[in-house]
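Let me begin by presenting the structure, written as structure tokens, before commenting on it.
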Amino acid sequence: MSVLRTSGGLSVAYRPRALAVGSGCLLLALLGALFTLASGGGDYPLSVDQVLSTLIGQGNPADAFIVREVRLPRVATGLLVGAALALGGAVFQSVVRNPLGSPDILGFTQGSAAGALVAIALLGGGSLALASGAILGGVGTGLLIYALSWRQGLHGYRLVLIGIGVTAILTGVNGYLLTRAQISEAARAVLWLTGSLDGRGWEDVLPLLCAMVVLLPVVLLGCARALHMLEMGDDTAYALGVRVDRVRLAALAAAVLLVSFGAAAAGPVAFVALVAPQLARRLTKAPGPNLLPAACLGSALLVLADLVAQRAFTGHELPVGVITGVLGGGYLVWLLATERRAGRI
Amino acid sequence: MDATAGTRLHGDGLTLGYDQRTIARDLDVAVPDESFTVIVGPNACGKSTLLRALSRMLKPAAGSVLLDGSDIHRLPPKQVARTLGLLPQASVAPDGITVADLVARGRYPHQGVLRQWSRTDERVVSESMASTGVAELADRFVAELSGGQRQRVWIAMALAQQTPLLLLDEPTTYLDIAHQIEVLDLCAGLHAEGRTVVAVLHDLNHAARYATHLIAMRDGEIVAEGEPAEVMTAERVEEVFQLPCTVIDDPESGTPLVVPAARHRVRA
Ligand SMILES: Nc1ncnc2c1ncn2[C@@H]1O[C@H](COP(=O)(O)OP(=O)(O)O)[C@@H](O)[C@H]1O
Ligand SMILES: [Mg+2]
């Protein structure tokens, strides 16, 4: 651990390795973003110079339109959604004390999907309704799971099992909602369900950005240090002066909102919330929830996966959720196998 | 004079329980200042429950715990944590944490968002590790330590909290005899430095030897309390533990030594 101290007695502690991992991932994310801005899906390539000059308000109108109105919102969505999902996942895994305690597996993303499907299939709403549905669905699922698993405190294992049950139910509900939708709407819904950054505009970015401006300080400044203490068990955390129930509720609420807003912007992109915090831990080798490294890694993961999704098959773009799903699913299998062997699940 | 004068920590009329189950009813307990108070009693009699109530981990259904004259549940948690430390019966060491990192977490109640790691923090953590004999383990992973080493690391964490009152729930359980004595000597040292120490112990002879104040519990009630020599009588031990025994003088310390009556004698 290293420290920065001021003469006034203020001090900030950090781990050099975690800092390196975090900034490395951020750099990677920004490079991926720049590359996406320059080349997009392969048609209409621009040079880095051209991209940068459009970003500072110069360059010709066509370039400016492509960069600022088409590619930049997409890239911004990717960066923010990746960070939001990863951060939400890191909080969940830390509170539940189990890597399986991830929003993907606990059913929050399915809840968001159910909300969005209600908006699309039953109410025939547009993209605003879809986003609101996703947020309401995610938050509603959060409340439901919390209510079902609360018993004189929150117990990680109970939460995971109940979450898995809720996921199963919601999967059925979602299937039913899809059958109720018109064909065209069903197609739109399925694309959304896979998780896609295609065609994102500023109207998708803004709500997420506002949510993150509020939620990041809540999580990073308000909860992070107490989350470290919570990892040692409720009693020890109490003994150290943590307001256990309040911190846990605040952290989980913030995490549910992050994941829901993320899903509202890009769909329930699979496994980022599960994988990013786990990878971050393994890279930083630091105990604790590793919130910031996880967020940076989530951004990098999603932007790079989107780059692959756009360019893997020329002329046929994949939704980014397919890429993260394949990578993340493989990772989940590996995780289950190794953690099982280590007796941690 | 008030019966609770000279006790910074006491519980009045405590009713303690979980859900609908009541474990203790109308319990009065006082921890004498600067004592080494030891709580003994059979399994499941409510020792941990009492300790958890005294450290505001469990809210009493009735009655209140007073710390320095204020209801402990009304005091700011961090302020309580700077006065009263608790080592719970079971704590979880986070994955991949080193000894130094774990001990450093004991400084949490002294820190804030903008005061994350002061020079005092640094000094107190090394002192805590030195006085528990884990300084040379500082960079080892907690998960790789032996039970005795791990217990000393947890005690070091509680020490780093720098609280004048320290509650320890079964600090010697799972340790071999040498490590038990080591931990008890450590506690006695803390007591000698002027801290008030409360510990739950299972070994009656250790309790009698180290305690300055002994509390015997059964079925959620305090059956007897006071100086070990007065509390630890053969009748009392039989009453509390249903164990017939003789009590003699410990040849080493002169404190009571409980010798259980043998039901099955090994023939010579
Ligand atoms: N979290 C809990 N929920 C419900 N009952 C509990 C809980 N913890 C302890 N108990 C019960 O309270 C009683 C007293 O337990 P405890 O105080 O841990 O005993 P001791 O520490 O003396 O062995 C036991 O019967 C135990 O089963
Ligand atoms: Mg106990």
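The values are calculated or read from the model by the stated rules, or taken from the named source; none is laboratory data. In this text the structure is predicted, and so the values were computed from the model without any measurement. All Cβ positions, even for glycine, are placed from backbone atoms using ideal geometry, and neighbour counts span all protein chains on display.
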Query raised in the report: Does any residue of region B:163-176 turn out to be acidic (Asp, Glu), free of Cβ contacts under 8 Å to residues at least 24 places away in the same chain, part of a strand (DSSP E or B) and in contact with a helix residue (DSSP H, G or I) (Cβ under 8 Å, 6 or more places away or on another chain)?
Result: no
Report summary line: The residue from B:Leu58, B:Leu51, B:Leu86 that alone is within 16 Å of ligand 2 (Cβ to nearest atom), assigned to a strand (DSSP E or B) and among the hydrophobic types (A, V, I, L, M, F, W, C) is B:Leu86
Query raised in the report: Any residue at all in region B:56-70 that is in contact with a Pro (Cβ under 9 Å, 6 or more places away or on another chain) and farther than 29 Å from A:Asn98 by Cβ?
Result: no
Query - region B:128-161 - residue that is surrounded by 16 or more Cβ atoms within 10 Å (Cβ to Cβ) and charged (D, E, K, R) and, of those, nearest to B:Ala81 (Cα to Cα) - result: B:Arg152
Query raised in the report: Yes or no: B:Val124 in contact (Cβ under 8 Å) with a residue 12 or more places away in the chain, away from ligand 2 (no atom under 16 Å from the Cβ) and touching a Ser or Thr at 6+ places or on another chain (Cβ under 9 Å)?
Result: no
Query raised in the report: In region A:156-172, what residues are in contact with a Ser or Thr (Cβ under 7 Å, 6 or more places away or on another chain) and at pLDDT below 90?
Result: A:Arg158, A:Leu159
Report summary line: Contact list, first residue from region B:98-111 and in contact (Cβ under 8 Å) with a residue 12 or more places away in the chain, second anywhere and hydroxyl-bearing (Ser, Thr, Tyr) and in a helix (DSSP H, G or I), beta-carbon distance below 6 Å, six or more apart or interchain, is B:Val103/B:Ser128
Query - Single match in A:Ser53, A:Ser39 (criterion: modelled with pLDDT under 95, closer than 20 Å to A:Leu318 by Cα, of a type outside the set (Lys, Arg) and over 20 Å from the mean Cα position of the chain (by Cα)) - result: A:Ser39
Report summary line: Within region B:12-32, the count of residues that are within 14 Å of ligand 1 (Cβ to nearest atom) and not in a loop (DSSP other than H, G, I, E, B) comes to 12
**Report entry** Residue check for A:Pro293: touching a residue at least 60 places away in the same chain (Cβ under 8 Å), surrounded by 24 or more Cβ atoms within 10 Å (Cβ to Cβ) and assigned to a helix (DSSP H, G or I)
**Finding:** yes
Report summary line: B:Leu167 meets each of (1) closer than 22 Å to B:Gln79 by Cα; (2) of a type outside the set (Gly, Ala, Ser); (3) more than 16 Å from ligand 1 (Cβ to nearest atom) with one exception, condition (3)
Report task. Looking at (1) among the aliphatic types (A, V, I, L, M); (2) within 7 Å of chain A (Cβ to nearest Cβ); (3) touching a residue at least 24 places away in the same chain (Cβ under 8 Å), find the lone condition where B:Ala61 falls short. Result -> (2)
Query raised in the report: Is it true that A:Ser7 is without any contact (Cβ under 8 Å) to a residue 12 or more places away in the chain, out of contact with any strand residue (DSSP E or B) (no Cβ under 7 Å at 6 or more places or on another chain) and within 14 Å of chain B (Cβ to nearest Cβ)?
Result: yes
Requested in this report: Filter region B:35-63 down to residues that are more than 17 Å from B:Pro76 (Cα to Cα), touching a strand residue (DSSP E or B) at 6+ places or on another chain (Cβ under 6 Å) and within 10 Å of ligand 1 (Cβ to nearest atom), then give me how many there are.
Outcome: 9
Query raised in the report: In region B:99-125, how many residues are hydroxyl-bearing (Ser, Thr, Tyr) and either away from every other protein chain (no Cβ under 13 Å) or in contact with a helix residue (DSSP H, G or I) (Cβ under 7 Å, 6 or more places away or on another chain) (or both)?
Result: 1
Query - Close pairs (7 angstrom Cβ cut-off, 6 or more residues apart or separate chains): within 14 Å of chain A (Cβ to nearest Cβ) in region B:29-53, of a type in the set (Val, Ile, Thr) and near ligand 1 (Cβ under 6 Å from one of its atoms) anywhere - result: B:Thr49/B:Ile23
**Report entry** Condition check for B:Ser128: in contact with a helix residue (DSSP H, G or I) (Cβ under 7 Å, 6 or more places away or on another chain), within 16 Å of ligand 1 (Cβ to nearest atom) and under 26 Å from A:Ala13 (Cα atoms)
**Finding:** no
Requested in this report: Take the residues in region A:237-249 that are of a type in the set (A, V, I, L, M, F, W, C) and in contact with a helix residue (DSSP H, G or I) (Cβ under 6 Å, 6 or more places away or on another chain), then tell me which one is nearest to the other protein chains (Cβ to nearest Cβ).
Outcome: A:Leu240
Requested in this report: Take region A:225-236 and flag every residue that is at negative phi and either within 9 Å of chain B (Cβ to nearest Cβ) or in contact with a strand residue (DSSP E or B) (Cβ under 7 Å, 6 or more places away or on another chain) (or both).
Outcome: A:Arg225, A:Ala226, A:His228, A:Met229, A:Glu231, A:Met232, A:Asp234, A:Asp235, A:Thr236
Query raised in the report: Within region B:92-109, can one find any residue that is within 30 Å of A:Tyr14 (Cα to Cα), within 16 Å of ligand 1 (Cβ to nearest atom) and of a type in the set (A, V, I, L, M, F, W, C)?
Result: yes
Report task. Having 1 or more residues that are exposed (fewer than 14 other Cβ atoms within 10 Å of the Cβ) and out of contact with any Phe, Trp or Tyr (no Cβ under 8 Å at 6 or more places or on another chain) is the bar; report the helices (runs of 4 or more DSSP H) wholly within region A:1-100 that clear it. Result -> A:16-39, A:48-55, A:61-64
**Report entry** Output for region B:64-92, where each listed residue is under 19 Å from the mean Cα position of the chain (by Cα), in contact (Cβ under 8 Å) with a residue 12 or more places away in the chain and within 11 Å of chain A (Cβ to nearest Cβ)
**Finding:** B:Val80, B:Ala81, B:Arg82, B:Thr83, B:Leu84, B:Gly85, B:Leu86, B:Leu87, B:Pro88, B:Gln89, B:Ser91
Query raised in the report: Looking at B:Arg150, is it of a type in the set (Lys, Arg) and at pLDDT below 95?
Result: yes
